[in-house]
1. Do we have residue 256 as under 22 Å from residue 29 (Cα atoms), modelled with pLDDT of 85 or more and either more than 16 Å from the chain's Cα centre (by Cα) or not in a helix (DSSP H, G or I) (or both) here?
2. Confirm whether residue 373 is in contact (Cβ under 8 Å) with a residue 24 or more places away in the chain, in a helix (DSSP H, G or I) and assigned by TED's automatic domain parsing to the domain that holds residue 259.
3. I'd like to check something: does the range 309-322 contain any residue that is touching a residue at least 60 places away in the same chain (Cβ under 8 Å) and under 14 Å from residue 259 (Cβ atoms)?
4. Residues in the range 181-199: is at least one surrounded by fewer than 18 Cβ atoms within 10 Å (Cβ to Cβ) and at pLDDT below 90?
5. Name the residue, out of 77, 36, 45, that is part of a helix (DSSP H, G or I), within 27 Å of residue 367 (Cα to Cα), in contact (Cβ under 8 Å) with a residue 24 or more places away in the chain and more than 18 Å from the chain's Cα centre (by Cα).
6. Taking the condition of being within 17 Å of residue 368 (Cβ to Cβ) and surrounded by fewer than 18 Cβ atoms within 10 Å (Cβ to Cβ), how many residues in the range 396-416 meet it?
7. When you scan the range 356-364, do you find a residue that is assigned by TED's automatic domain parsing to the domain that holds residue 303 and either in contact with a strand residue (DSSP E or B) (Cβ under 7 Å, 6 or more places away or on another chain) or outside any helix (DSSP H, G or I) (or both), even just one?
8. How many residues are in a helix (DSSP H, G or I) and buried (at least 21 other Cβ atoms within 10 Å of the Cβ) if we restrict to the range 324-341?
């Protein structure tokens, strides 16, 4: 075995993680620059509705369209392995995504007055930005599915890198120009994914080719369960600022913005974990598809150990220096305490573990079980948050309880599912009498 092969074999992370991780690093930096400059330019009160838009947009868009990306990636990769063009499958997926987008946009128009009154401080431009974000991210997730299915992780990472560069440019440009309207920042949130998609498709050749018609269920086999799981995952991930906004009293109108400032600092490891998430499912699905159960268990154990270590270091760092980083990046008006940053980082670490377990369940053909785990976690979040009285602490404990519940439930479901599949479909080596 060559040195390169040995390094790859020892790496607990899936192929493509480095390429996607580089793009996500730029994207994460761009998000921090954008939010920090917006917070300093707008102040806590004006930044609060923008922070809610940020949370709602990144709840709805990935929640609705990440399953589309996953199914497109799976279908394109499957056709690619068979030497078939993926254009019919992608057209099928685009029709499904377009129908879902139309329904959500119609619901947004109907709920517009309520959203403006309860969440967006009656700023119409923020609502328009939300609608643009839905359209842009529907397109982005479809394109990212095509890229990942073709193994084009460099272009996949380029998408995120472009987002980061544009957010940085907008944040610094608006700050330098003295822009004090949250609505303009909101519009940029909705417009940026369109430009990022254009850059990611700078090399469109050999992405899609003619092929046999899309079979019934080719891109919808698990779409319902994946959609439910994705929405519940995004809800638990982004519920914090929304819950703070809904629970805050009249004298606490700026608390959602302060909460988001602390949250983005506590979630630094989570930004980078997206690189693992993007390429994790294909690796686990490959092992499960080949009935290589021993390798799957080994890969998952190493991944969870790596993710757990990163989460622990992140939580300690957030507790120790998080408040200083918040003040440095966002300004003294957004200061939070050590307890707040520590709890938010613990919840983020548990979230990464839960997502890893969920991806394993998808690879084992059990997306419905994953959705059930996230549903139980959301219920735990609501119960714990409702029982508290301190505005920040009740939400922080709710996030910790919700994500911890998901980890426990998904772990139990994964152990049971592995036992079932190993008993029903032995490893190929065992069928030949060879020990694995």
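1. no
2. Working: in contact (Cβ under 8 Å) with a residue 24 or more places away in the chain: yes; in a helix (DSSP H, G or I): yes; assigned by TED's automatic domain parsing to the domain that holds residue 259: yes.
Judged against the criteria, residue 373 is a match.
3. As a first pass, look at the range 309-322 and keep what is touching a residue at least 60 places away in the same chain (Cβ under 8 Å): 322.
Those still in the list that are under 14 Å from residue 259 (Cβ atoms) too: 322.
Yes, the range 309-322 contains at least one residue that is touching a residue at least 60 places away in the same chain (Cβ under 8 Å) and under 14 Å from residue 259 (Cβ atoms).
4. Checking the range 181-199: at least one residue is surrounded by fewer than 18 Cβ atoms within 10 Å (Cβ to Cβ) and at pLDDT below 90.
5. Being part of a helix (DSSP H, G or I), within 27 Å of residue 367 (Cα to Cα), in contact (Cβ under 8 Å) with a residue 24 or more places away in the chain and more than 18 Å from the chain's Cα centre (by Cα) holds for just one of 77, 36, 45, which is 77.
6. Step one: filter the range 396-416 for residues within 17 Å of residue 368 (Cβ to Cβ), giving 406, 409-416.
Within this subset, residues satisfying the condition of being surrounded by fewer than 18 Cβ atoms within 10 Å (Cβ to Cβ) are 411-412, 415-416.
Adding up the residues that qualify gives 4.
7. Scanning the range 356-364, I find at least one residue that is assigned by TED's automatic domain parsing to the domain that holds residue 303 and either in contact with a strand residue (DSSP E or B) (Cβ under 7 Å, 6 or more places away or on another chain) or outside any helix (DSSP H, G or I) (or both), so the answer is yes.
8. Total meeting the criteria: 5.
The values are calculated or read from the model by the stated rules, or taken from the named source; none is laboratory data. Model, not experiment: these values are computed from the prediction. Using ideal geometry, Cβ is built from the backbone for each residue, glycine included, and neighbour counts are taken over all protein chains shown.
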